[in-house]
1. Identify, from the list I57, I17, the residue that is surrounded by 16 or more Cβ atoms within 10 Å (Cβ to Cβ), among the aliphatic types (A, V, I, L, M) and under 16 Å from G85 (Cα atoms).
2. In the stretch 144-185, how many residues are over 30 Å from M119 (Cβ atoms) and either free of Cβ contacts under 8 Å to residues at least 24 places away in the same chain or not hydrophobic (A, V, I, L, M, F, W, C) (or both)?
3. In the stretch 116-133, is there at least one residue being more than 30 Å from V9 (Cα to Cα), in contact with a Pro (Cβ under 9 Å, 6 or more places away or on another chain) and open to solvent by 50 Å² or more (accessible area, probe 1.4 Å)?
4. Looking at V28, is it touching a Ser or Thr at 6+ places or on another chain (Cβ under 9 Å) and open to solvent by less than 50 Å² (accessible area, probe 1.4 Å)?
5. Looking at A76, is it of a type in the set (G, A, S) and either within 22 Å of V113 (Cβ to Cβ) or open to solvent by 50 Å² or more (accessible area, probe 1.4 Å) (or both)?
6. Which one is modelled with the lowest pLDDT among residues in the stretch 142-161 that are under 9 Å from L128 (Cβ atoms) and charged (D, E, K, R)?
7. G235 versus (1) surrounded by 14 or more Cβ atoms within 10 Å (Cβ to Cβ); (2) assigned to a helix (DSSP H, G or I); (3) more than 22 Å from the chain's Cα centre (by Cα): which is the lone unmet condition?
Amino acid sequence: MTRAAQVVVDTMEVDFIDVNLGCPIDLVVQKGEGCAVMGRLGRLEQIVYGLSSVMDIPLTVKMRTGLFEGKNIAHALLPKVRDWGVSMATVHGRSREQRYTKLADWNYIRSCVDAARPMQIFGNGDILSYLDYNNAMNQSGADGCMIARGALIKPWLFTEIKEQRHWDISASERLEIIKEYVNYGLEHWGSDQQGVASTRRFLLEWLSFVYRYIPVGILEHVPQRINEKPPHYFGRNDLETLLASPNCADWIKISEMFLGPVPTGFTFLPKHRANAYQ
């Protein structure tokens, strides 16, 4: 990792380098990576010191509360990584064992904020509305907030937070966001056969989150909660209903609106397991 950081610093212009200690995926953890590093103090110290020695930009880390439910260790690790050279840390308010189920513990994040001072701490977990954001920041006293699944489900969440309002975005406006995403993909990967295939693959993975959004104008209780499984519903028009479909075949249909027909025999199964519910 030290060598990789050296290459990044020497060849690219980046604002900071972040070490992800929060990945709970079995394949990653079994290799001693991701969340597993939280339980290997010597290895973590070696990583932080090694990276700090070759970097002239901030080093940040992201971690979970710990490896096991009910056995939080982040509050004890944060002062150590601070002293080793980390400039800022993000704490996801769940353990590795909890994955994405159960609610994020923003009270524990406050304990991490207090333990890590004067290092800045960002909190992470379950933000899907400006009210979620306001409550989490007030509850934790964190310096900032990292948003992941919430931004995948509704990319306009940042506008809602900035403007402190619920946005009843229309289905056509949402489709324009998808169109913009596709254009970025084709610009990056190219519009040849391989570029279209790559863009479609990433689009479909994203659509496996997009369908979970429930329009404000349909909700019985506002705001929507990120860990509550969305019920099946009919939208206010056919497009809104299509965007709400949990069926992979409908996601493929949406991709065909922008990228043309899929190859014969094409199938898709989302690989990310973050769409879990309480």
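1. The conditions single out I17.
2. The total comes to 18.
3. yes
4. no
5. So A76 fits the description; yes.
6. R149
7. Looking at each condition in turn, G235 falls short on (2).
Listed here are the residues, each with its yes/no results for (1) outside any loop (DSSP other than H, G, I, E, B); (2) in contact with a Leu (Cβ under 6 Å, 6 or more places away or on another chain); (3) open to solvent by 30 Å² or more (accessible area, probe 1.4 Å); (4) farther than 30 Å from N135 by Cα.
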residue: K179; (1), (2), (3), (4): yes, no, yes, yes
residue: E187; (1), (2), (3), (4): yes, no, yes, yes
residue: S198; (1), (2), (3), (4): yes, no, no, yes
residue: F202; (1), (2), (3), (4): yes, no, yes, yes
residue: K253; (1), (2), (3), (4): yes, no, yes, yes
residue: F258; (1), (2), (3), (4): yes, no, yes, yes
residue: L269; (1), (2), (3), (4): no, no, yes, yes
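The values are calculated or read from the model by the stated rules, or taken from the named source; none is laboratory data. Keep in mind the model is a prediction, meaning the values are calculated, not measured. With ideal geometry, Cβ positions are generated from the backbone for all residues, glycine too; neighbour counts draw on all protein chains shown. Side chains are part of the model used for accessible areas, which takes the heavy atoms of the whole protein and leaves out ligands, DNA and RNA. Shrake-Rupley method; radii C 1.70, N 1.55, O 1.52, S 1.80 Å.
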